[in-house]
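Contents: one structure, followed by commentary.
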Number of protein chains: 2
Amino acid sequence: MNEMSNRYPVTNRSKVRRLPKRGSAERAQVYAILDAHFLCHIGYVIDGQPYVTPTGYWRHGDRIYWHGSSASRMLRAQTAGIPVCLTVTLLDGLVLARSGFHHSINYRSVMAFGQAAKVEDLEEKTAALNAYVQRLYPGRNAEVRAIQPQELKATTLLGMTIEEATAKVRTGPPIDDEEDYALPVWAGVIPVRQIIGAPIADPRLAPATPLPSHLAPYADGEALDEVLSGTAKAAG
Amino acid sequence: MNEMSNRYPVTNRSKVRRLPKRGSAERAQVYAILDAHFLCHIGYVIDGQPYVTPTGYWRHGDRIYWHGSSASRMLRAQTAGIPVCLTVTLLDGLVLARSGFHHSINYRSVMAFGQAAKVEDLEEKTAALNAYVQRLYPGRNAEVRAIQPQELKATTLLGMTIEEATAKVRTGPPIDDEEDYALPVWAGVIPVRQIIGAPIADPRLAPATPLPSHLAPYADGEALDEVLSGTAKAAG
């Protein structure tokens, strides 16, 4: 794929069929949604059986990384470089219409397709794992205990280059049948958002250990998608 | 499967390999997590390629339903009764440890396996679609305009009986290496929760249309998982 392209290629695999006006292959929109979360659902196939696993991920350009124990079935199956679909969904609201049929949800989602393969090079592996902490908590790597050789060995790191991706977004009020607008039924949107709560210190934390400045963005009441969009930008 | 069993069978497909102490095949725990959300990620396979689609779902006993336009690729592919993996994930918090390696997340998730097949019988289809509105907003069916024959026709309803399912849960503080507890690093949990916002009336709503009592559970500031657990119970 041309790295300078503003859009991902669209093939039979990634073409949005259901309500295509909601779909987009624009790279900027795909990045914006990917950078607004860190938890995805990865789909892969073993012997014809699909598996969908919730997993933390991080992005560097068109590369997406995720990791886990070497014991994980998913990662064992993916070491050979197998096709995956990585989906990220942000639920933004419940859409209530004047008929059951037109009820909907507001959301932002990305389906990204590629071949997942193990990252074996120790230098790249170390850098990528540190990048995950950096992406979530810019500055935290300087404070935590550094990764140990046996931890590096115990961690399987997977990477995939996005071959195709589609963003899908729905916003706004319900769209009812014209004749239904006259009905005396409440219609509108109930917003939903992932919100940060007050930090809970580890019971074994030494008294008077301050909350570090790199956690300032995660203030009580903040929206997770905005925090993560901000830390992604800060991490560079 | 024995309907009276408290646990789903565990086979190679559903066995929890990664940190098995976090896994459970107990039906009550699977139900509790499924009833705490309505948005899942469904994995299916076409020609060896996995697809993961975010979709609304609802549960009746061991049956899970979801729907969409007949135009949807996913539903076209699934009409024959194909293997799917339906995953529901609730993110509960970010877990910050004293080393990058032990960072984690708190969550509740279910992976449910079964064969998805089209529900064609019109009576069952009507009942199931009404059950979706009822599950989200108990009482709302009596107020909205009833489903029309052409809408029923345009909607593809999929159902699957849970053959196997596994719940996985992580709660609590980070688990650090013993020697790391002495480090002067803040550690703990940053809670995350899906929270309801203030309702946004449709701009075309007739003035003075009241917010109906069936939306009372969706009050500003409530947690979506608690609201949905409550409405699932109220819907019966």
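Summary of computed values
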{"item": "Test result for B:Leu205, crowded, with 20+ Cβ neighbours inside 10 Å and in contact with a Phe, Trp or Tyr (Cβ under 9 Å, 6 or more places away or on another chain)", "result": "no"}
{"item": "Any chance B:Pro138 is more than 8 Å from chain A (Cβ to nearest Cβ) and not in a strand (DSSP E or B)", "result": "yes"}
{"item": "The stretch B:77-101 - residue that is within 25 Å of B:Gln49 (Cα to Cα) and of a type in the set (Ser, Thr, Tyr) and, of those, surrounded by the most Cβ atoms within 10 Å (Cβ to Cβ)", "result": "B:Thr89"}
{"item": "Restricting the stretch B:5-24 to residues that are more than 9 Å from chain A (Cβ to nearest Cβ) and of a type in the set (Lys, Arg), the residue that is farthest from B:Ser109 (Cα to Cα)", "result": "B:Arg7"}
{"item": "The stretch A:117-158 - residue that is touching a Lys or Arg at 6+ places or on another chain (Cβ under 7 Å) and modelled with pLDDT of 95 or more and, of those, surrounded by the fewest Cβ atoms within 10 Å (Cβ to Cβ)", "result": "A:Arg145"}
{"item": "Pick from the stretch A:95-106, criterion facing chain B (nearest Cβ under 7 Å) and part of a strand (DSSP E or B), ranking: nearest to the chain's Cα centre (by Cα)", "result": "A:Ile105"}
{"item": "The one condition in (1) at pLDDT 95 or above; (2) in a strand (DSSP E or B) that B:His67 fails to fulfil", "result": "(1)"}
{"item": "Residues (closer than 14 Å to B:Val192 by Cβ and part of a helix (DSSP H, G or I)) located in the stretch A:216-230", "result": "A:Pro217, A:Tyr218, A:Leu224, A:Asp225, A:Glu226, A:Val227, A:Leu228"}
{"item": "Check on A:Thr161, surrounded by fewer than 17 Cβ atoms within 10 Å (Cβ to Cβ), more than 8 Å from chain B (Cβ to nearest Cβ) and of a type outside the set (D, E, K, R)", "result": "yes"}
{"item": "Enumeration of residues in the stretch B:52-66 that are touching a residue at least 24 places away in the same chain (Cβ under 8 Å) and either closer than 21 Å to A:Pro83 by Cβ or hydroxyl-bearing (Ser, Thr, Tyr) (or both)", "result": "B:Tyr57, B:Tyr65"}
{"item": "Complete set of residues in the stretch A:102-116 that are at pLDDT below 95 and crowded, with 17+ Cβ neighbours inside 10 Å", "result": "A:Ala116"}
{"item": "Single condition B:Glu151 does not satisfy, out of (1) in contact with a strand residue (DSSP E or B) (Cβ under 8 Å, 6 or more places away or on another chain); (2) over 30 Å from B:Asp121 (Cβ atoms); (3) at the interface with chain A (Cβ under 10 Å from one of its Cβ atoms)", "result": "(2)"}
{"item": "Those residues of the stretch B:210-227 which are more than 10 Å from chain A (Cβ to nearest Cβ) and within 14 Å of the chain's Cα centre (by Cα), in sequence order", "result": "B:Asp225, B:Glu226"}
{"item": "Top-ranked residue in the stretch B:8-44 [being surrounded by fewer than 22 Cβ atoms within 10 Å (Cβ to Cβ) and part of a strand (DSSP E or B); ranked as modelled with the highest pLDDT]", "result": "B:Leu39"}
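The values are calculated or read from the model by the stated rules, or taken from the named source; none is laboratory data. As the structure is a prediction and not an experimental result, all values here were calculated from the model. All Cβ positions, even for glycine, are placed from backbone atoms using ideal geometry, and neighbour counts span all protein chains on display.
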